[in-house]
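Everything below concerns the one structure shown next.
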Amino acid sequence: MKNDFKKYGWDNLWVNAQIATMSSEVDAPYGLKPNCSIATRGDRIVWIGEEDSLPREAFPSTKNVIDCQGKLVTPGLIDCHTHLVHAGDRCNEFEMRLNGASYEEIALAGGGIVSTVNATRKSSEDELFNESASRLERLMRDGVTTVEIKSGYGLNLDDEKKQLLVAQRLGERLPVHVVKTFLGAHAIPPEYSGQSDAYIKEVSENILPALHSLGLVDAVDAFCETIGFSLNQVEQVFKVANKLGLPVKLHAEQLSNMKGTQLASQYNALSVDHLEYLDSEGVNSIKKSGTVAVLLPGAFYCLRETKLPPIKLLRESDVPIAIATDSNPGSSPVLSLLLMLNMGCTFFKLTPEEALLGVTRNAASALGLAHEIGSLEVGKRADIVLWNISNPAQLSHTVGHLPCEQVMFRGVVRNV
Ligand code: NIG
Ligand code: FE
């Protein structure tokens, strides 16, 4: 019996569940395993299978048995693109846009990203932590167990560092995995106005290497756009990232087609994000590099964009598609990943299965973490959500519900 306990000795066993594994190994929509059980030990999934095949010895040696009553179980959701750590809001710009100004016009007049930079620079690390923590807690109520957070509202060494330290602290204090992305090439800071090349030199030669040496950078991003940075400038940053062994990603083809996607694919980018203006050449290039296409329906909606990303082409080319909130005070003041599933379906005509893949398996790939999270498989991390619904399509279908009942993060269960 002692040996059995060692063998089974499970911490958690969720029985009687509809398990949407989202695994490519399970040949069914959503990788669905109906009427199944899932067990965890430590921070790992150790067993998944049908009730009938549950080893009898498992029950007496399991600490916590949960009857899911036929409800849905999925991997913890992954929000793979956010700008969650920032100060202030941009309600005034929302009003300006509704009075006729465009996002580009506001940015060119010194508002936009730069106005959030000013507010973020003025904030202390504690202030920034407190307001970002409450946003993150809201996001987590939708079953989010991994979130990517970008810098890019500091735009100098001290303030970029402050943002990334806050992101790191959020991951230490809250039950969520935080992936930290350096986005120094987000906008030209006021003190470098008219000198974007000099700013890119500072980012590449000083800021990025310094933050990397502090262990604050998991990946490097940039904003390739007429109101952001040119291909050449982005490439300088990518070269440094490459040298430091850091993966890259790119805000690409959001407001125009700059061919950032092709550049990103040359650097084997984890993801290219936004993509409303992506063309077939761009799709072909990411098809080859295995780069994930991250769609951001919140920004599409809030900017009243009308040009759709080339979904059909992405789908036909088997490019993995992810969805994220892009949570930020300007283009996407959004704190619900489930709402993004709904918008991904209604605006972009994704199927509910594609939408859920976009916040699980494909979102994990967009962060380079597909070997660890994003699907429910033995050996993967025990990040699991129990929903009070039974059909996975309902996650995309209903707006404004809070169906998340329990979340397990790294093997530890909590009620939501
Ligand atoms: O992903 N496009 C650039 N960056 C953000 C917007 C940030 C902002 O407006 O503050 C985005 O949409
Ligand atoms: Fe963004």
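Considering the alpha-carbon set of region 268-416 alone, what are its Rg and its Dmax in angstrom?
15.5, 46
Using 0.36 nm per residue of separation minus the Cα-Cα distance, give me the extension gain between Ser134 and Asp197 in nm, one decimal.
19.0 nm
Provide His177, His397 ordered by accessible surface of protein heavy atoms (probe 1.4 Å), highest first.
Numbers: His177 35, His397 135 Å².
Listed by decreasing accessible area, they come as His397, His177.
Answer rounded, prolate or oblate for region 360-415, using the Cα gyration tensor with square roots of eigenvalues a ≥ b ≥ c: rounded when a/c is under 1.5, else prolate when a/b is larger than b/c, else oblate.
On the way: a/c = 2.38, a/b = 1.42, b/c = 1.68.
Oblate shape, in that a/c is at least 1.5 and b/c is the bigger or equal ratio.
Whole-Hz ³J(HN,Hα) for each residue in region 107-117, computed from phi via Karplus 6.51 cos²θ - 1.76 cosθ + 1.60 with θ = phi - 60°, x for glycine and proline: what do you get?
5, 5, 8, x, x, x, 3, 5, 5, 6, 4
Given a 1.4 Å probe and the protein chains all in place, what does the accessible area of Leu108 round to, in Å² to the nearest 10?
140
Please tell me which of these pairs span more than 31 angstrom C-alpha to C-alpha: Lys162/Lys249; Lys161/Lys312; Lys71/Lys150; Lys63/Lys380; Lys162/Lys307; Lys180/Lys288?
From Lys162/Lys249; Lys161/Lys312; Lys71/Lys150; Lys63/Lys380; Lys162/Lys307; Lys180/Lys288, over 31 Å: Lys161/Lys312; Lys71/Lys150; Lys162/Lys307.
Glu57 accessible area, nearest 10 Å², 1.4 Å probe?
Counting only protein heavy atoms, Glu57 exposes about 70 Å² to solvent.
Extension gain Asn284-Ser317, at 0.36 nm per residue separation less the Cα-Cα distance, in nm?
Numbers: separation 33, 0.36 × 33 = 11.88 nm, distance 0.77 nm.
Once the chain is fully extended between Asn284 and Ser317, it gains 11.1 nm.
Of the accessible area of region 142-269, with the probe set at 1.4 angstrom, what percent is carbon plus sulfur?
On the way: 2020 of 4270 Å².
Of the solvent-accessible surface of region 142-269, carbon and sulfur hold 47 percent.
Ranked by accessible surface with a 1.4 Å probe, highest first, in what order do Phe347, Phe94, Phe223 come?
On the way: Phe347 70, Phe94 115, Phe223 5 Å².
So the residues, ranked largest to smallest area, are Phe94, Phe347, Phe223.
Using a 1.4 Å probe, what is the accessible area per residue for region 261-335, in Å²?
Numbers: 2740 Å² over 75 residues.
Dividing the accessible area of region 261-335 by its residue count gives 37 Å².
Mind listing the phi-derived Karplus ³J(HN,Hα) values for region 17-32, rounded to whole Hz, using 6.51, -1.76 and 1.60 with θ = phi - 60°, and x for any glycine or proline?
With coefficients 6.51, -1.76 and 1.60, one gets 10, 8, 9, 7, 6, 6, 8, 6, 7, 9, 8, 7, x, 6, x, 6 Hz.
Which cross-chain or sequence-distant (5 or more) residues have an amide H under 5 Å from the amide H of Val292, H modelled 1.01 Å from N in plane?
For Val292, whose amide H was placed from the backbone, the distant partners under 5 Å are Ser271, Val272.
What does the highest-first list of 267-275, 183-191 look like by mean Cβ count within 10 Å?
Working: 267-275: 26.2, 183-191: 21.8.
The most tightly packed comes first, giving 267-275, 183-191.
Counting only other residues whose beta carbon sits under 13 Å from that of Tyr192, what net charge do I get with K and R as +1, D and E as -1? Let's see the in-between values first.
On the way: positive: Lys201; negative: Glu191, Asp197, Glu202.
Residues near Tyr192 contribute -2 overall.
Determine how large the accessible area of Lys287 is when every protein chain is in place; take a 1.4 Å probe and give Å² rounded to the nearest 10.
Using a 1.4 Å probe on the heavy atoms, I get roughly 110 Å².
Helix 157-173 against the longest principal axis of the chain: what's the angle in degrees, Cα atoms only, rounded to the nearest 10?
10
Working with all protein chains in place, sort Leu338, Leu357 by solvent-accessible area computed with a 1.4 Å probe, largest first.
Values: Leu338 5, Leu357 30 Å².
Result, largest first: Leu357, Leu338.
For the chain, with only Lys/Arg (+1) and Asp/Glu (-1) charged at the beta-carbon, what is the dipole magnitude about the Cα centre, in debye rounded to 20?
Numbers: 39 positive and 50 negative charges, 169 e Å.
Charge dipole, the chain, about its Cα centre: 820 debye, nearest 20.
Please give the calculated 222 nm ellipticity per residue for the chain, where each DSSP H segment of at least 4 residues contributes -39500 (n - 2.57) and the sum is spread over every residue; nearest 500 deg cm²/dmol? Mind showing how you got there, number by number?
Numbers: 17 runs with 148 residues, N = 416.
The helix contribution divided over the chain gives -10000 deg cm²/dmol.
Points 7 angstrom from Cα along the Cβ direction at Thr306 and Asn388: gap in nanometres?
Distance between the two pseudo-spin positions: 4.2 nm.
Tell me, how many Å apart are the Cα centres for region 80-122 and for region 235-307?
Centre-to-centre distance over Cα atoms comes out at 22 Å.
The values are calculated or read from the model by the stated rules, or taken from the named source; none is laboratory data. Values in this document were obtained by computation on a predicted structure and should not be read as measured data. Quick reminder, even Gly has a Cβ in these numbers, built from the backbone with ideal geometry, and neighbours come from all protein chains shown. Heads up: the accessible areas ignore ligands, DNA and RNA and are worked out on the full protein's heavy atoms, side chains in. Shrake-Rupley method; radii C 1.70, N 1.55, O 1.52, S 1.80 Å.
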